[in-house]
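Structure first, then comments.
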Amino acid sequence: SKSLPHLGAAFYSPDIPIQKKYKLDRYFSIFSAECIAIMCAMDYILEEGIKRSAIFTDSRSMVETLSNGLLDRDLSYLILALKNKLRSAYVQNLDVVIVWVPSHVGILGNETADLLAGEAARQEESVDYLPPHTDLYSLVKEKYFSDIEKYLLAQSEIRGAQYFSLYPPFARKPWFAGLDLSRAEITTICRIRSNHYNLNFSLYRCGLVRRPDCLCGLPYQDINHVLWSCPMFACHRVRLLQLLRR
């Protein structure tokens, strides 16, 4: 559970009964908080020598990560530590299973653990863990995005005013993300969007041609004119409209 400026982790068992909650630094991710909660539950199981245990979590990604035997540089040290605790339980003949359950569907134990984690974010003792490097990646990324956004907003006031008046100055993903477009198509569309293309109206503004007019006689040759009204491209326009109607 996240409650700025801190994060909370907790585990709860109605059968023993026991409940533990811990305050974490805001630099931890929700995933890491879930991992720490399970690790603390494992510590209790190992200390008490409980023969059969089931740990329920609403983090599907946690269960999938633990079931994956691959190691890579992006794997959190917390996951490695948790796997080591699970191995220790196996060596001691302690039967531990980790089970995924859906969140926010009224499962009492899960809802209680979430409530305890929320309380821990505002109080209680902190655990002796440092944020893994994987959590710090997101902080660096957010700082980068924030700085870039401020820079682009400042630049939009002094250059590219027409472009920024039509399109937001900042987006987390490029407009063509997920689209099946070639590099040439992306380049062409970007030039059209920025009003910089190989037509007289644009070239005239850059001082590359003497006149902005079109060969058809219109005093300006811009992209709207060529695409939708210039009689010199009437045949091409028919084909374009057919493709757009598909």
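The values are calculated or read from the model by the stated rules, or taken from the named source; none is laboratory data. Predicted model, so just to flag it, every value in this text is computed and none were measured. Because the Cβ atoms are built from the backbone with ideal geometry, glycine has one as well, and the counts that use them run over all protein chains shown.
Screening ALA117 against (1) more than 24 Å from ILE79 (Cβ to Cβ); (2) out of contact with any Pro (no Cβ under 9 Å at 6 or more places or on another chain); (3) not charged (D, E, K, R) leaves a single unmet condition, (1). With respect to VAL238, determine if the residue is exposed (fewer than 15 other Cβ atoms within 10 Å of the Cβ) and assigned to a helix (DSSP H, G or I). Judged against the criteria, VAL238 is a match. Filtering region 87-120 to residues that are surrounded by 11 or more Cβ atoms within 10 Å (Cβ to Cβ), of a type outside the set (A, V, I, L, M, F, W, C) and either assigned to a loop (DSSP other than H, G, I, E, B) or not assigned by TED's automatic domain parsing to the domain that holds ALA41 (or both) leaves GLN92, SER103. Considering only residues in region 1-41 that are over 27 Å from the mean Cα position of the chain (by Cα) and among the charged types (D, E, K, R), the one that is surrounded by the fewest Cβ atoms within 10 Å (Cβ to Cβ) turns out to be ASP15. Residues in region 225-235 that are loosely packed, with under 13 Cβ neighbours inside 10 Å and either over 18 Å from PHE201 (Cβ atoms) or of a type in the set (S, T, N, Q) (or both): ALA234, CYS235.
Taking the criterion of being within 18 Å of ARG159 (Cα to Cα), of a type outside the set (Ser, Thr, Tyr) and not in a loop (DSSP other than H, G, I, E, B), the residues of region 179-217 that qualify are CYS190, ARG191, ILE192, ARG193, LEU203, ARG205. Looking across region 141-185 at every residue that is at pLDDT below 80 and among the aromatic types (Phe, Trp, Tyr), the one that is nearest to SER202 (Cα to Cα) is identified as TYR163. Restricting region 44-83 to residues that are among the aromatic types (Phe, Trp, Tyr) and part of a helix (DSSP H, G or I), the residue that is nearest to PHE11 (Cα to Cα) is TYR44.
Filtering region 42-86 to residues that are free of Cβ contacts under 8 Å to residues at least 24 places away in the same chain, under 23 Å from PRO17 (Cβ atoms) and surrounded by 11 or more Cβ atoms within 10 Å (Cβ to Cβ) leaves only GLU48. When we screen LEU86, LEU130, LEU94 for residues that are within 16 Å of SER13 (Cβ to Cβ) and not small (Gly, Ala, Ser), the only hit is LEU94. Test ALA171 against the stated conditions and say whether it is part of a loop (DSSP other than H, G, I, E, B), out of contact with any Phe, Trp or Tyr (no Cβ under 6 Å at 6 or more places or on another chain) and free of Cβ contacts under 8 Å to residues at least 12 places away in the same chain. Yes; evaluated as a whole, the condition is true for this residue.
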